[in-house]
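K.L.:
This structure is in structure tokens; I'll ask about it shortly.
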Amino acid sequence: MNKIFEVPLYAYQRSPDQDAASPARHQAIVIGAGPIGLAAAIDLAQQGVEVVVLDDNDKVSFGSRAICFSQRTLDIADRLGAGRPMVEKGVQWDTGKVFFDDRQVYEFNLQPDTGYANPAFINLQQYYFENALVDRVRELQANGAPIEIRGRNKVEAIGTHDTHVTLEVETPEGPYNVETEWLIACDGAGSPTRRMLGLEFEGRVFEDNFLIADVVMEADFPSERWFWFDPPFNRGQSALLHKQPDNVWRIDLQLGWDIDKEREQRPENVIPRLKAMLGEDVAFDLEWVSIYTFQCRRMERFRYGRVLFAGDSAHQVSPFGARGANSGMQDADNLCWKLKLVIDGKAPELLLDSYSRERTQAADENITNSSRSTDFITPKSEMSRLLRDAVLDLSEEHEFARPLVNSGRLSTPCTYEGSSLSSADALDGPGITRPGSACPDAPLGDEFLLPKLAGKFTLLTIDADAPERIEEDGVEATRLALSVKDDLTLELKRRYLGDATSAVYLVRPDQHVAARRDTFEENAFRQAIRRATGKE
């Protein structure tokens, strides 16, 4: 097996900043070289923003940690130039099966229709995800992009000011000071940045613990998500099985609340639990073992002056539903185009408040879904358990009961309902593409739609006239003209037109819909651009 997490990928090197007579100042600094920090840095560098990533480690994360990456995350990774290696390495899946006791009660398909460049989900160890992003950083550096990763650079102190942020950084060769116009904290659930600024999480910690194990074994299980309620091998609890690359399998076993965590992680206690699940004769090796507690919490807001929080440093949810890393990727996707406009003077700083509003809305949606999943998986009373078990029994034969089964509502992109950046809907079209929603992909002959909407404001017209470009107050939207005459699969029509005969969309750089109408009206779309950039 490839132990890439043992190799320094961004080893410590002395920086000119360490020898500067006065602190150097950068346009942006990202703290944390996990998936979210690297994604944010790549996004900014691709837009020409000078960015430095500081990390107290010098290699990718040990243990697979996050493994389930959604279609939306893969679409974002494609825009960042790192999606293909992830999909090629990952285990693709769209089917999940739910078991109660020793029987399957039903299965589901996350992507029953076609016409997408990316699968519904892939399973991929987090270290491979991070490796793909580091490779992309190296590629950008080779092409002269203004991006740098500094390994073994640990931020020890932060000072906030009206025009910049100061940082004291510890290295193997001693400390140095540096400044940045904007600081993005992507330093995980235990965020030292959050602690240094005296900020807190708000939310719930659930009274339950789960054993998480990555097991290396040869097995004939299909590439599906299998979830058990009250299985024979873990009575009164739950279990989850997922396949990863390199014959690594993710297993989650519910343990209960009153346990000795250190004791439960010892191999002599873990291995009997796994043998009870897999069978006494199945040979396997432990790659990684940990215990986690469900937590559904977030910061009050994600922007504090010139410090912005993203990913686990800003919010935490339970792992069931794959809402952690996927939500964090959407944080970076939402933030970076806004920060670029602010840096360029094309939008007011208040635009960054919309990052906080939209992404706290998304965090609340994820927390709600995760809390409901947790309550279903771990009933808090005997009556709740009886009701849960009745739903599971009914779901085996009755379709109406299946939506009530909650083994983790899997991650979907948030629709920014009521966002101040969205214009009133003026098209009686499909709900999936209303203002605030993330654009779904659609086939365009041998190509796909989303890559053509990436990283810029786009005026998407479907059987409608419009100018090739429109500029409003320094912000340009360029036209992408399509027609349902070329839509052989009818997916473009279904997802973007519905019963309408024409449509015009203003699409944000993060591929969310800002406005839509049935025809192009210049004043309306100029106003939509101003609204989408925080000027109205």
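K.L.:
Could you please tell me which pairs satisfy a Cβ distance under 6 Å, a separation of 6+ or placement on different chains, a first residue in the range 207-230 that is among the small types (Gly, Ala, Ser), and a second residue that is surrounded by 15 or more Cβ atoms within 10 Å (Cβ to Cβ)?
P.N.:
Correct list of pairs: ALA213/ILE251; ALA213/VAL289; SER223/VAL91; SER223/TRP93; SER223/LYS243.
K.L.:
State whether one or more residues within the range 75-87 are modelled with pLDDT of 95 or more, surrounded by fewer than 20 Cβ atoms within 10 Å (Cβ to Cβ) and touching a Leu at 6+ places or on another chain (Cβ under 7 Å).
P.N.:
Yes, some residue in the range 75-87 is modelled with pLDDT of 95 or more, surrounded by fewer than 20 Cβ atoms within 10 Å (Cβ to Cβ) and touching a Leu at 6+ places or on another chain (Cβ under 7 Å).
K.L.:
Next question, about the same structure. Of the residues GLY436, GLY455, GLY418, only one is at positive phi and in contact with a Ser or Thr (Cβ under 7 Å, 6 or more places away or on another chain); which?
P.N.:
Working: GLY455 fails: in contact with a Ser or Thr (Cβ under 7 Å, 6 or more places away or on another chain); GLY418 fails: in contact with a Ser or Thr (Cβ under 7 Å, 6 or more places away or on another chain).
Among GLY436, GLY455, GLY418, only GLY436 is at positive phi and in contact with a Ser or Thr (Cβ under 7 Å, 6 or more places away or on another chain).
K.L.:
Could you tell me which numbered condition ALA363 fails, if it satisfies all but one of (1) at pLDDT 95 or above; (2) of a type in the set (A, V, I, L, M, F, W, C); (3) more than 23 Å from TRP226 (Cβ to Cβ)?
P.N.:
The single condition ALA363 does not satisfy is (1).
K.L.:
Name the residues in the range 206-224 that are within 28 Å of LYS380 (Cα to Cα) and modelled with pLDDT of 85 or more, would you? Lay out the reasoning, then the answer.
P.N.:
Taking the range 206-224 as the starting set, the residues that turn out to be within 28 Å of LYS380 (Cα to Cα) are 206-213.
Hits for the range 206-224 are ASN209, PHE210, LEU211, ILE212, ALA213.
K.L.:
A further question on this structure: Can you name the condition, by its number, that ARG530 falls short on among (1) under 24 Å from TYR416 (Cβ atoms); (2) more than 27 Å from the chain's Cα centre (by Cα); (3) not in a helix (DSSP H, G or I)?
P.N.:
The single condition ARG530 does not satisfy is (3).
K.L.:
Run VAL307 past the list (1) β-branched (Val, Ile, Thr); (2) closer than 29 Å to GLY81 by Cβ; (3) modelled with pLDDT under 95; (4) in contact with a Leu (Cβ under 6 Å, 6 or more places away or on another chain) and report the number of the one that doesn't hold.
P.N.:
Tallying (1) β-branched (Val, Ile, Thr); (2) closer than 29 Å to GLY81 by Cβ; (3) modelled with pLDDT under 95; (4) in contact with a Leu (Cβ under 6 Å, 6 or more places away or on another chain), VAL307 fails exactly one: (3).
K.L.:
Taking strands (runs of 3 or more DSSP E) that fall entirely within the range 142-203, which contain at least 1 residues that are within 24 Å of the chain's Cα centre (by Cα) and at pLDDT 95 or above? Spell out how you get there, then give the answer.
P.N.:
Numbers: elements: 147-150, 154-160, 165-171, 174-185.
The strands (runs of 3 or more DSSP E) meeting that bar are 147-150, 174-185.
K.L.:
Now for a separate question. I'm checking my understanding of the structure. Among residues of the range 185-228 that are touching a Cys at 6+ places or on another chain (Cβ under 9 Å) and among the hydrophobic types (A, V, I, L, M, F, W, C), which one is farthest from LEU278 (Cα to Cα)?
P.N.:
Per the criteria, the residue is VAL205.
K.L.:
Among the β-branched types (Val, Ile, Thr), crowded, with 18+ Cβ neighbours inside 10 Å and in a helix (DSSP H, G or I): is that true of VAL134 in this structure? Spell out the reasoning first.
P.N.:
Details: among the β-branched types (Val, Ile, Thr): yes; crowded, with 18+ Cβ neighbours inside 10 Å: yes; in a helix (DSSP H, G or I): yes.
Considered against the rule, which asks whether it is among the β-branched types (Val, Ile, Thr), crowded, with 18+ Cβ neighbours inside 10 Å and in a helix (DSSP H, G or I), VAL134 comes out as yes.
Residues checked against (1) free of Cβ contacts under 8 Å to residues at least 40 places away in the same chain; (2) touching a Ser or Thr at 6+ places or on another chain (Cβ under 6 Å); (3) over 19 Å from PHE69 (Cα atoms):
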site	(1), (2), (3)
ASP246	no, no, no
ARG250	no, no, no
ASP285	no, no, yes
CYS296	no, yes, yes
ASP331	no, no, no
ASN334	no, no, no
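K.L.:
Report those strands (runs of 3 or more DSSP E) wholly inside the range 1-72 carrying at least 1 residues which are among the small types (Gly, Ala, Ser) and modelled with pLDDT of 95 or more. If you could, list the steps in order and put the result at the bottom.
P.N.:
Values: elements: 24-31, 51-54, 68-70.
Output list reads 24-31.
K.L.:
Considering only the range 246-276, how many residues are of a type outside the set (D, E, K, R) and either surrounded by 18 or more Cβ atoms within 10 Å (Cβ to Cβ) or in contact with an Asp or Glu (Cβ under 7 Å, 6 or more places away or on another chain) (or both)? Before you say what the answer is, go through the steps one by one.
P.N.:
Residues of the range 246-276 that are of a type outside the set (D, E, K, R), as a first pass: 247-249, 251, 253-257, 259, 265, 267, 269-272, 274, 276.
Now narrow it down to the ones that are either surrounded by 18 or more Cβ atoms within 10 Å (Cβ to Cβ) or in contact with an Asp or Glu (Cβ under 7 Å, 6 or more places away or on another chain) (or both): 247-249, 251, 253-257, 270, 274.
Counting residues in the range 246-276 that are of a type outside the set (D, E, K, R) and either surrounded by 18 or more Cβ atoms within 10 Å (Cβ to Cβ) or in contact with an Asp or Glu (Cβ under 7 Å, 6 or more places away or on another chain) (or both) gives 11.
K.L.:
Give me the pairs: first residue in the range 24-36 and on the phi > 0 side of the Ramachandran plot, second residue surrounded by 24 or more Cβ atoms within 10 Å (Cβ to Cβ) and not aliphatic (A, V, I, L, M), beta-carbon distance under 8 Å, and six or more apart or on different chains, which are they?
P.N.:
Short answer, once both residue conditions are applied: GLY32/CYS186; GLY32/ASP187; GLY32/GLY311; GLY32/SER313.
The values are calculated or read from the model by the stated rules, or taken from the named source; none is laboratory data. All values derive from a computational prediction rather than experimental measurement. Note: ideal-geometry Cβ built from the backbone for every residue, glycine included; neighbour counts use all protein chains shown.
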